[in-house]
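Participant: So that we are looking at the same thing, I have put the structure below in structure tokens.
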Amino acid sequence: MRNRVLLHLACVLPVIYWLMLAQWQQLGANPVEFLIHDSGLWSLRILWLCLACTPLALAGWRKPLRYRRALGLWAFGYMTVHVLLWAWFDWALDITAIYAEIIQRGFLITGTVAWLLLIPLALTSTHASIRLLGGRWWKRIHWLVYPAALLSIIHFVWLVKKDIREPLIYLAILGVLLGVRVWNKWTTAHQ
């Protein structure tokens with residue numbers, strides 16, 4: 001119980017940090033842009049932590065599996081904040097303008113699809129959903145996290161355009177996290 005509380009407190013720390021920066025007027029020249037980008041980065045970081053739970057379990061440390069669902073929900077929450085900040089401050093929640101902007105820009109298409117793919121995961125993240133859907137269908141739905149993660153990193157690479165070092169670091173980490181899974185499946189199948 002204590003670990004779960006600590007996890008939630010850790011996941012809310014970026015919001016506290018943003019509030020402190022806002023209080024001290026330290027959000028930079030464009031505070032909205034800072035918050036949009038930082039919320040996107042935090043959604044990636046937490047999603048990567050969520051994806052790291054399985055490789056850690058495969059390495060013998062199973063305890064992080066208990067927190068995978070909470071991390072996934074926090075990642076979705078930060079991604080939703082990322083999307084809402086952009087839609088609200090850049091487009092005043094004008095659905096027509098938002099749609100027109102999304103279909104014109106590849107990085108917005110990939111980011112939007114990544115977010116949409118995570119919605120069914122968030123909605124089915126309860127024990128009741130597992131019982132209702134059955135474990136097999138529930139697992140199939142939750143495989144959507146992999147294309148969502150890949151689309152998220154593509155969104156990031158296309159967004160920054162020039163200096164892609166930071167997105168490439170996230171891509172390399174994703175490659176390791178997914179590579180461990182592929183390696184485990186392959187070695188298990190060939191034993």
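The values are calculated or read from the model by the stated rules, or taken from the named source; none is laboratory data. Just so we're clear, the structure is a prediction, and the values are computed from it rather than from any experiment. Positions of Cβ are backbone-derived with ideal geometry, glycine not excepted, and every protein chain shown enters the neighbour counts. We work out accessible area using only protein heavy atoms, side chains counted, and drop any ligands, DNA or RNA first. Shrake-Rupley method; radii C 1.70, N 1.55, O 1.52, S 1.80 Å.
Participant: May I ask you to list the lysines whose Cα is less than 18 Å away from that of residue 139, ignoring any residue fewer than eight positions away on the same chain?
Facilitator: Straight-line reach from residue 139, under 18 Å: 185.
Participant: Show me, bin by bin at 10 Å from 0, the whole-percent P(r) of the range 104-191 based on Cα pairs.
Facilitator: Whole-percent P(r) values from 0 Å outward: 16, 34, 33, 15, 2.
Participant: In addition: What do you get for Rg/Rh of the range 14-151 when both radii come from the Cα atoms and Rh is the Kirkwood radius?
Facilitator: Reported Rg/Rh, Kirkwood definition of Rh: 1.03.
Participant: What accessible area per residue, rounded to a whole number of Å², is obtained for the range 1-131 using a probe radius of 1.4 Å?
Facilitator: Per residue, the range 1-131 has 59 Å² of solvent-accessible surface.
Participant: How would you order 20-31, 122-133 from highest to lowest mean count of nearby Cβ atoms within 10 Å?
Facilitator: Peptide ranking by packing, descending: 122-133, 20-31.
Participant: Rounded to the nearest percent, how much of the accessible area of the chain (1.4 Å probe, protein heavy atoms only) is carbon and sulfur?
Facilitator: Values: 8410 of 12120 Å².
Accessible surface attributable to carbon and sulfur in the chain totals 69 percent.
Participant: Then there is this: Determine the calculated [θ] at 222 nm for the chain from helices alone, applying -39500 (n - 2.57) to every DSSP H run no shorter than 4 residues and normalising by the residue count; nearest 500 deg cm²/dmol.
Facilitator: Taking each H run of at least 4 residues, the total per residue is -26500 deg cm²/dmol.
Participant: What are the semi-axes of the equivalent ellipsoid for the range 41-81, taken as the square roots of 5 times the Cα gyration tensor eigenvalues, largest first, in whole Å?
Facilitator: The equivalent ellipsoid of the range 41-81 has semi-axes of 21, 9, 5 Å.
Participant: Tell me, what HN-Hα J-couplings in whole Hz come from the Karplus equation 6.51 cos²θ - 1.76 cosθ + 1.60 at θ = phi - 60° for each residue of the range 124-132, using x for Gly and Pro?
Facilitator: Listing the rounded values in order: 10, 8, 10, 4, 4, 5, 4, 5, 5 Hz.
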